[in-house]
Amino acid sequence: MGICIIKYRYQLLLMVCFIFVKQHFSIAQVSGDSLQNVDIISKKYINNFSSTVPVQTINANIIKLLNAPSVADISKFLTGVVIKDYGGLGGLKTVSVRSLGASHTGVLYDGVNITDMQNSQIDLGKYADNLVQHLALYQSVPVSANLPAQAYSASSLLLIETPAASILPLHQIKLKAGTQWGSWGLNRHHIVLQAPLGSRTQLAATLNYQNTKGNYPFTSVNGNVTEHLRRDNSQVNAVQAEVNLSHLFKDSSQLQVKVFGQNSDRGLPKSVIYYYNLSNENLWNNDFFTQVNYKRKFGTRTSFNTALKYSNHYTRYTNPDLIINNTPTDNNYTEQSVYYTASVLNKISKFWSFSIASDVAITDLNANLRSFAYPRRFSNYSVTGVQYNRGLLDVNVAALYTYMQDKVEFGMPAAKQSRLTPNLSLAYKLHANSPVLLRAFYKTIFRNPNFNDLYYTIIGNRNLRPELAKQLNIGIAYQKEVKRIWLQKIGWSVDAYYNNVTDKILAMPGANLFAWSMLNIGKVNILGADISIEGNGKISPEIDWRLKAGFNYNLSEDRSNKNSVSYKTQIPNTPKTNGFAIVMVNYKQAGLVYNAIYSGNRYSLGGNLPENKMDYYVIHDLSLNYTHHARKWQFQWQLSVNNMFDKAYDIVVFYPMPGRNVAAKLVIQNFK
């Protein structure tokens, strides 16, 4: 690793400059510091109808009313998102946005990237709902945000913010505990502790436990023969813990230290083909990371962010039915990564702002496989951006430089890659009080193949070309406070987009969930539109309502080979239409939440042949919530019915999803 640092000293030079700038400003600040009082202000979140780039958001007040136990389940209620769920209550759940694939979705957890260099797909089913204070999905990147450079490398960016991300006044210990019981042996439990350690330091700790048999019934239809079966090997046993230590300095700078760990043991259900449902495959995960994040503002013009992260992901996959060299399959993988980022945002003048950021990461992958490549990747992301904001007009220009180089112990490494990719966004309001916002952006994305793409035994291809995506978005947003009793606020947006992908790498599940087959389609043209609407009001003084809905049209065509049967047909597992709706009605302490998820017809393979067609589905859920208080405690009860019409459906072909199921939840917390 020392050799790597010496070799890439020029890429690291920017980091040294940042540290120098920080120290310089620190000394200057101390000399005139009067140790004045620090104002702590609650963070105000932007919404889709006032953002200069398209964004979908959900906050904790809505999340707690939904029966959505993980970030993946919450993401179903974001426009343009398609969840790829491979069946089973513990199955893998990844997010694809606007048909670009899960590998193009970046994820930031309290401002720091979550990465998986092995397969580039973040399993969002790992992150529990009670860890989320605010969830936001951005197309392009947020404007006026001091972000890591790597955030600019994603086509869409999912920001997960936990309650520990903001330091708010805390004068006593806050305790919250919850338990949930449901169909097929489901039980989830969590406990959250927040405690002040002095006037400027806070401790926050969360513990989650989940267990389920997952043996839900389903119906298998093959021609004229119908058979009723139960899902096999879908059990889950998982423990997750997170500890945060946050400190607010007298100069208003913030330091957060986070430690996260998860241990899970999951059965991997098989695809159901010719009524065969039995599986002996298992997946064990031990995930650990720790990150240190420091933020400081210098006056009203300059902000500085820096973070250091170490992560260790251990995976063990067993399949006694898969015999290789007279030995049942028992594969172990360990991915370790060290990541550092620093960024500066400076307001140069009244109308101009300048930002610069640089990240470096070194990632190793080890395995117990014979002749494994043991790859190590050095990654450097550096971005420079300029923003012009003059009242009605907002212009943002950024350029990202990406450099990656691999080393391996066996064989030849993949060629080193570097690319400069631009990002441009525009927004315009007709006049200062206009409810209408016009917006557009253009962005180029460069995605290098991951370790599995390049070095996975048998299917890896070290000559695989990087994926290049070009994005164009034009949209209009409207937001207005009506101030009537029945309708108080309404907002809607329409964003049309065109994506062009060359050398697209498509991951398809094989006979089991752990082994992927990599398919390089070549060229894909994507044309679509996102439509969002939100509103709220009152039916009577005691009854209020809220609506959140989204619809997506997506035409994603294979344009690789004119002589192929799949030419100008929809790419696999991609519906042309999908959408959702959430309706909430509250009466005093009780609330009713109805939500629906819709997915249109799609095809399991290229060519769009009738035998590969997967029918559309609509899933309806209903939740009843009731909150009451007793002395210093608040009790929130929830009874939910999911898939209440017992719809049989697959998201991925031959991986049946759960039918109707019920769950009951109780959350207790002190509030005074």
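The values are calculated or read from the model by the stated rules, or taken from the named source; none is laboratory data. Fair warning: this is a prediction, and the values are worked out from it, not measured in the lab. No Cβ is skipped: glycine too gets one built from the backbone with ideal geometry, and neighbour counts run over all protein chains shown. Note: areas computed on protein heavy atoms with side chains; ligands, DNA, RNA excluded. Shrake-Rupley method; radii C 1.70, N 1.55, O 1.52, S 1.80 Å.
Taking a 1.4 Å probe, which of Phe77, Phe288 shows the most accessible area, and what order do the others take after it? Numbers along the way, then the final one.
Working: Phe77 10, Phe288 80 Å².
Descending order: Phe288, Phe77.
Between Lys483 and Lys250, the simple label model (points 7 Å from Cα in the Cβ direction) yields a spacing of 4.6 nm.
Roughly how many debye, to the nearest 20, is the charge dipole of the chain about its Cα centre, given +1 on each Lys and Arg Cβ, -1 on each Asp and Glu Cβ, and no other charges?
That gives the chain a dipole magnitude of about 1660 debye.
Exposure here means at most 14 other Cβ atoms within 10 Å; with GluC sites (Glu not before Pro) in a DSSP loop as sites, the longest stretch of the chain lacking them is 1-408.
For the set His629, His228, His247, the ranking by accessible area, highest first and with no ligand, DNA or RNA atoms included, is His228, His629, His247 under a 1.4 Å probe.
So with the 1.4 Å probe, I'd like the accessible area per residue for the chain, rounded to whole Å². Kindly include the intermediate steps, with their values, before the conclusion.
Details: 30370 Å² over 672 residues.
Averaged over the residues of the chain, the accessible area is 45 Å².
For the stretch 471-500, the set of chymotrypsin sites (Phe, Trp or Tyr not before Pro) satisfying both a DSSP loop assignment and a count of at most 13 other C-beta atoms within 10 Å is given as Trp486.
Name the trypsin sites (Lys or Arg not before Pro) in the stretch 626-670 that are in a loop by DSSP and that have at most 10 other C-beta atoms within 10 Å, would you? The partial results should precede the final answer.
Working: sites: Arg631, Lys632, Lys647, Arg660, Lys665; in loops: Arg631, Lys632, Lys647, Arg660.
When the trypsin sites (Lys or Arg not before Pro) of the stretch 626-670 are filtered for loop state and at most 10 Cβ neighbours within 10 Å, Arg631, Lys632 remain.
Simple point charges give the picture: +1 on the Cβ of Lys and Arg, -1 on the Cβ of Asp and Glu, and for the stretch 220-293 a dipole about the Cα centre of about 80 debye.
Taken about its Cα centre, the stretch 536-672 carries a charge dipole of roughly 520 debye when the Cβ of each Lys and Arg holds +1 and the Cβ of each Asp and Glu holds -1. Looking at Leu92, Gly522, Ser353, which one has the Cα that reaches farthest to the positive end of the dipole of the chain (charges on Cβ: Lys, Arg +1; Asp, Glu -1)? Positive-end residue among those listed: Ser353.
Under the 0.36 nm per residue contour assumption, what length would be gained going from the current alpha-carbon distance of Val239 and Ala432 to full extension? Walk me through the intermediate numbers first.
Numbers: separation 193, 0.36 × 193 = 69.48 nm, distance 5.07 nm.
This chain segment gains 64.4 nm when fully extended.
Accessible surface for Thr226 stands near 80 Å², nearest 10, in the context of the full protein assembly shown (1.4 Å probe). The chymotrypsin sites (Phe, Trp or Tyr not before Pro) found in the stretch 313-395 that occupy coil by DSSP, while having at most 16 further C-beta atoms within 10 Å, are Phe351. Farthest towards the positive end of the charge dipole of the stretch 291-407, among the residues Asn396, Ile324, Ala367, is the Cα of Asn396, using unit charges on the Cβ of Lys, Arg, Asp and Glu. Between the residues Tyr617, Leu147, Gly106, the greatest Cα displacement towards the positive end of the dipole of the chain, with unit charges on the Cβ of Lys, Arg, Asp and Glu, is found for Leu147.
Phi angles of the stretch 584-595 translate, via the Karplus equation with coefficients 6.51, -1.76, 1.60 and θ = phi - 60°, into HN-Hα couplings of 10, 10, 10, 10, 6, 9, 10, x, 10, 10, 10, 9 Hz per residue; Gly and Pro are given as x.
A probe of 1.4 angstrom, applied to the heavy atoms of all protein chains, finds Leu426 with accessible area near 80 square angstrom. The gain in end-to-end length when the Leu624 to Asn368 segment is fully stretched comes to 87.2 nm, 0.36 nm per residue minus the alpha carbon separation.
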